[in-house]
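Just below is one structure, and these are the notes that go with it.
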Amino acid sequence: MQEAIISKAKQLLADGTVNRVIGWKKGEFAYDITPAIFESAEEIDADFVYDDFTSANVSKYLVKESKKEGKILAFLKPCDTYSLNQLIKEHRVNRENIYVVGISGDGKLDAEKIKAKGITGITGVKKDGDTLKINTVYGEETMPVAEAMSNKCLSCKSKKHVIYDELIGEDGEVIESDRFDMVEKLENMTSQERYDFWRNELSKCIRCNACRNVCPACTCENCVFDNPDSAVQNKAAADSFEENMFHIIRAFHVAGRCTDCGECSRVCPQNIPLHLLNRKFIKDINSLYGEYQAGADTISKAPLNDYTQDDCEASIVHERGVE
Amino acid sequence: MQRIGVFVCHCGTNIAATVDVKAVAEALSHEPGVVISQEYQYMCSEAGQNLVKDAIKEYNLTGVVVCSCSPRMHENTFRKAAASAGLNPYLVEIANIREQCSWIHKDIATATEKAVILGKAAIAKVHLNTPLTAGESPVAKRALVIGGGIAGIQTALDIAEAGFEVDIVEKEATIGGKMAQIDKTFPTLDCAACILTPKMVEALQNEKITIHSYSEVSAVKGFVGNFTATIKKKRRFVDETKCTGCGLCTEACPMKKVPNAFNLGLNNRSAIYIPFAQAVPKVATIDPNYCLKLRKGDVNDKVCGKCAEACTAGAINYHQQDEYIEQKYGAIVVATGFNPINLDKYDEFAYNQCPDVVTSLELERLMNAAGPNGGTLLRPSDKTHPHKIVFVQCVGSRCDDSKGKPYCSKICCMYTAKHAMLIREKYPDTEVYVFYIDVRTPGKNFDEFYRRAVEQYNVHYIKGMVGKVTPKADGTIDVQASDLLSNEQLHIDADMVVLATAIEPDKTARPLATMLTTQMDTNDFFTEAHAKLRPVESATAGIFLSGACQGPKDIPETVAQASAAASKAIGLLVKDSITCNPCVAHSNELMCNGCSACEKVCPYGAITYQDKEFRMPDRTTAIRRVANVNPAVCQGCGACTVACPSGAMDLNGFSNSQIMAEVDAICK
Amino acid sequence: MQVNENKEFQPLIVAFCCNWCSYAGADLSGTNRLNYPTNVKIIRVPCSCRVNPMFILRAFQKGADGVILCGCHPGDCHYTSGNYFTRRRMTLLFSMLDFLGIERDRTRVEWVSAAEGAKFAATMNEFTEAVKKLGPNRRLEDLRCRKQ
């Protein structure tokens, strides 16, 4: 895959279709693959990486990049294309300045899951059927691929690219996923159990803002939490309330816009399952106002900017709730 | 530094009896920024207002908080007082300590405490108030009247009389509406055409009035004083400017079997038609569903073309297309009128089975001299004279089931008395029965009229409902009914049955209401701005209501309302500009994402976008799409402020920080 | 100032009322002298759709025990569609608060017309009772804001 992507990137740079490429390069470790801009074939040869750890969704970078001179090439996995589509719908990117090449996702690995097995010093991995061969500074280790798969890929909702200029390989389909299982499990708990669950999770928040900064829906010019005039500005979560406030408001602001790309949970250094908040909204929207997938198109009205005269009343929360 | 004045009103004992006003004034005097805190018996009195005005001058106040009755009551009073003392009126806040405190609480201690908290909230808010200036927006000196029935005609005539241009848009080929179809009018029994048609001609001849017949309003944008309407002139295949209304084409037309809509299908007309002799404009129209040439699909085909051959003026144009006219208006008057309901669900009255069961409006045509029988009342089935006629009242009116309408259609009792009387007068050998639930005759000379029908004309009024109407083989109709007063079942062998059918708003009203962003009730009648005090205005500024689109009405009431609506429209049109509400949304460009969320929730279309160049922190410039609110269009609901994720959109007078300050003050 | 001498828990209720219907309804319940507890403090907003979820969370943060939002009945909005947006927003917000384990009875949306003074008073009585039963809001508060 990496070879195909690199040669496509070089070809499009060479024929002048684009003048920049957004891709990925290695970070400090083999598993922290980071988005990067490449302007020449040399740079690409030197640093470009696309491997099983390359999870990062680059669509958000296009908000800034697409406003610059010339076209930029972006390689987008199916989930990433939903993000870009949503950004196009919200006029956040300049579509003419973006050349999208759709690439397959294949399911990415989560280094934390490998490390949790006691495997450290990772220098590289190789998938061999269902087995994952891991090279470490201490020698080769193995584990089942499924156990190392990142959560966002385990509950993949679609292998279809919703926007692209060309594809490398075949396009996939929207697939059935079990992504709402955990939300449902929580819904069936008692109120106290849910409270305890979330208190435990949210109290870990260090307000590093990684979730916000990576989120392709959080592209505000100035976030309300950074705006002194908003009256809710805060830089650090001083107490339990502010942890709640930040995450509730953030989830609310992206409700109906979140494509469920799962980046928030992926980047959370405290491993808070933040995607569950977004999925709760998605699940509610689907069940109350009809199936809606943000980013699937660029014309539909977002559920929160729309209504029907016979929408359910807010009291439905009481009626269907578990005590 | 803020200098805030607090003024606590006793409202006689209305507030002072349950709230310790002195304690409130004292407690609030310690709030930050408060430089004077006073109480007074009647703050809204002239002396009370002077207290406020004097304090504004003496202490050079930057904000005023009045703890008194509801802001819905006296906010304007105090705003005006502040303005007269040189303080921006929007720097005044009201703490509602009467309706929402003293009147609902009994315990002085807790009521006083609550009054203090409400006062603190108002002070917290006024700290963040900013001076606002109401903008002005020009008024287009032209009115649009939608509907050309008697309501629309009267409104248009009155507005034109005052010197303003008026356009009437009528969906049918002629103006006149339902009144043109009516034979005689109650309670005077003068002929409807005799009083209506001169008005139609007057409208036609008035140089201030433009009549767009066979047209509809396809889009309305804008706001009070500044509406832009798109009028779709449907193609009638006849050049209105050339047609003289001679009628030669209608004679030449070989297609004569078209149900005559003006006579409610009781007789036929040709495919090219003039609705009736006094139609305005008197111009022919081709019905493309029946025209042999147009029905063919290809107008170049050499089929028929008889009307074009007959027309000496060369007015026939088979190639005519719909025409769209865009025009600016200052005011819009809705006069879309009514229709009898569809009787498909009323099988018990055999309306669809028996041609001799007719609606009251059909009876009007049957009795009209210009109607299908030239004014002689004959049964539609066999053209014989009916000797026994049964009238059924409240067909579909006052129904609690889903078939009919819950309301009283209001006009039926009177027109049935009229029909009964006219028939008994002209055909004394005809027996007339009227089955009713109640006879409702409020109105000048109305009850006298009804009593004449009973006493002088011997119409048989029977209190009771008709259960079933069955056409019989011998051509008569069995009417099965109960007489509630004598408590017996009746069978009447009638020759004709007339159904006083409920009336409902015209079907075009609902989409029109959406277009105009006006409100409707569940029956699709337009809702007035205030049921008692503003009966001819809609809640949307600049949209007025005329006639039965607002509720069932007879002709005198319709004309009265039409003139009232006209006077309200004139009141608007005489102004050169109108003052806008300054409490509108505004967008902070530096924070705006240009995501269009606000535009999607704006019910007024007040938000547009523009690409603007911005200097970025890294000294480059970037073009960003940002929202712009038209303050003259925005009504200040605030829907956009919540749709906006970045908080760029805020509302004057109810800003995020102001409401947050109130929340904080209350929860402190 | 202590709210009540006998130490019975007195919840703080913040009520957001739209100017055209519910605020007028609240005025009407005053005009008709229909009692409801002093616990309820009303904030006037032009339309229920002006109420940002942040206001509601802020109220809880600063010590409110219940928040109720009142607007025109669906179909009667002065601004034609505001309350329809409110209905969706609040349904989702309340569902989220419930998901986080915040007691459901602390939040409510009620449609009160300008003519429904009696409904306004009854709603406030009922809501205050419901919140009183729940006791003080502990799950969504800012400890620094709790009164000593």
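Structure data summary
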read-out: Complete set of residues in the range C:84-113 that are within 23 Å of residue C:133 (Cβ to Cβ), more than 7 Å from every other protein chain (Cβ to nearest Cβ) and under 14 Å from the mean Cα position of the chain (by Cα); value: C:105, C:106, C:107, C:108, C:110, C:112
read-out: Hey, residue B:5 more than 14 Å from chain C (Cβ to nearest Cβ), crowded, with 23+ Cβ neighbours inside 10 Å, among the small types (Gly, Ala, Ser) and in contact with a Phe, Trp or Tyr (Cβ under 8 Å, 6 or more places away or on another chain) or not; value: yes
read-out: Condition check for residue B:94: buried (at least 23 other Cβ atoms within 10 Å of the Cβ), in a loop (DSSP other than H, G, I, E, B) and either acidic (Asp, Glu) or within 10 Å of another protein chain (Cβ to nearest Cβ) (or both); value: no
read-out: Condition check for residue A:258: over 20 Å from residue C:139 (Cα atoms) and either out of contact with any Cys (no Cβ under 7 Å at 6 or more places or on another chain) or buried (at least 17 other Cβ atoms within 10 Å of the Cβ) (or both); value: yes
read-out: Residue identified as without any contact (Cβ under 8 Å) to a residue 40 or more places away in the chain and at positive phi among C:86, C:80; value: C:80
read-out: Subset tally (residues that are free of Cβ contacts under 8 Å to residues at least 40 places away in the same chain, within 22 Å of residue A:122 (Cα to Cα) and not small (Gly, Ala, Ser)) for the range A:15-31; value: 4
read-out: Single residue of the range B:624-653 satisfying the filter (within 8 Å of another protein chain (Cβ to nearest Cβ) and of a type outside the set (Gly, Ala, Ser)) that is farthest from residue C:46 (Cα to Cα); value: B:624
read-out: Qualifying residue in the range B:567-574 (condition: charged (D, E, K, R), out of contact with any strand residue (DSSP E or B) (no Cβ under 8 Å at 6 or more places or on another chain), closer than 30 Å to residue C:45 by Cβ and assigned to a helix (DSSP H, G or I)); value: no
read-out: Exclusive hit being surrounded by fewer than 16 Cβ atoms within 10 Å (Cβ to Cβ) and under 23 Å from residue B:461 (Cβ atoms), set B:362, B:425, B:431, B:326; value: B:425
read-out: Cβ-Cβ under 6 Å pairs, at least 6 apart or on other chains, the range B:643-658 side surrounded by fewer than 23 Cβ atoms within 10 Å (Cβ to Cβ), far side assigned to a loop (DSSP other than H, G, I, E, B) and of a type in the set (Val, Ile, Thr); value: B:652/B:584
read-out: Some residue of the range B:100-107 being aliphatic (A, V, I, L, M) and within 14 Å of chain C (Cβ to nearest Cβ); value: yes
read-out: Residues of the range B:532-573 classified as surrounded by fewer than 22 Cβ atoms within 10 Å (Cβ to Cβ) and among the aromatic types (Phe, Trp, Tyr), total; value: 0
read-out: Test: residue in the range A:123-135 that is closer than 19 Å to residue A:26 by Cα, modelled with pLDDT of 90 or more, surrounded by fewer than 17 Cβ atoms within 10 Å (Cβ to Cβ) and among the hydroxyl-bearing types (Ser, Thr, Tyr); value: yes
read-out: Neighbours by Cβ (under 6 Å, 6+ apart or cross-chain): first from the range B:552-577, at pLDDT 95 or above; second acidic (Asp, Glu) and crowded, with 19+ Cβ neighbours inside 10 Å; value: B:563/B:158; B:566/B:158; B:568/B:537
read-out: Residue satisfying condition, being farther than 30 Å from residue B:356 by Cβ, of a type in the set (Asp, Glu) and part of a strand (DSSP E or B), within set B:240, B:202, B:216, B:251; value: B:216
read-out: Exclusive hit being modelled with pLDDT of 95 or more, in a loop (DSSP other than H, G, I, E, B) and of a type in the set (A, V, I, L, M, F, W, C), set B:25, B:55, B:16; value: B:16
read-out: Filter result (surrounded by fewer than 24 Cβ atoms within 10 Å (Cβ to Cβ), within 11 Å of another protein chain (Cβ to nearest Cβ) and either touching a Leu at 6+ places or on another chain (Cβ under 9 Å) or not in a helix (DSSP H, G or I) (or both)) within the range A:67-91; value: A:67, A:68, A:69, A:90, A:91
read-out: Residues within the range A:24-52 that are outside any strand (DSSP E or B) and surrounded by 15 or more Cβ atoms within 10 Å (Cβ to Cβ), tallied; value: 11
read-out: Count of the range B:163-184 residues which are part of a loop (DSSP other than H, G, I, E, B) and farther than 20 Å from residue B:368 by Cα; value: 6
read-out: Scan of the range A:304-323 for residues that are facing chain C (nearest Cβ under 7 Å) and surrounded by 14 or more Cβ atoms within 10 Å (Cβ to Cβ), ordered by number; value: A:304, A:307, A:311, A:312, A:313, A:314, A:316, A:317, A:318, A:321
read-out: Residues (hydrophobic (A, V, I, L, M, F, W, C) and at pLDDT 95 or above) located in the range C:114-129; value: C:120, C:121, C:122, C:124, C:127
read-out: Evaluation of residue A:21 against (1) assigned to a helix (DSSP H, G or I); (2) at pLDDT 95 or above (one fails), failing number; value: (1)
read-out: Test for residue C:65: is it away from chain A (no Cβ under 11 Å), charged (D, E, K, R), under 15 Å from the mean Cα position of the chain (by Cα) and surrounded by 23 or more Cβ atoms within 10 Å (Cβ to Cβ); value: yes
read-out: Every residue from the range B:108-124 that is more than 9 Å from chain C (Cβ to nearest Cβ) and not hydrophobic (A, V, I, L, M, F, W, C); value: B:112, B:119, B:120
read-out: Residue that is surrounded by the fewest Cβ atoms within 10 Å (Cβ to Cβ), among those in the range A:136-165 that are on the phi < 0 side of the Ramachandran plot and of a type in the set (Gly, Ala, Ser); value: A:146
read-out: Selected residue (only one of A:307, A:292 is in a loop (DSSP other than H, G, I, E, B), out of contact with any Gly (no Cβ under 8 Å at 6 or more places or on another chain) and among the aromatic types (Phe, Trp, Tyr)); value: A:307
read-out: Identity of the residue in the range A:263-275, farther than 14 Å from residue A:218 by Cβ and surrounded by 22 or more Cβ atoms within 10 Å (Cβ to Cβ), that ends up nearest to the other protein chains (Cβ to nearest Cβ); value: A:272
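Every residue, every condition in (1) of a type in the set (Lys, Arg); (2) more than 9 Å from every other protein chain (Cβ to nearest Cβ), yes or no:
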| site | (1), (2) |
| --- | --- |
| B:557 | no, yes |
| B:568 | yes, yes |
| B:572 | no, yes |
| B:587 | no, yes |
| B:595 | no, no |
| B:600 | yes, no |
| B:608 | no, yes |
| B:613 | no, yes |
| B:617 | no, yes |
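The values are calculated or read from the model by the stated rules, or taken from the named source; none is laboratory data. From a predicted model like this one, the values you see are computed outputs, not experimental measurements. Methodologically, a virtual Cβ is constructed for each residue, glycine included, from the backbone with ideal geometry; neighbour enumeration extends over all protein chains shown.
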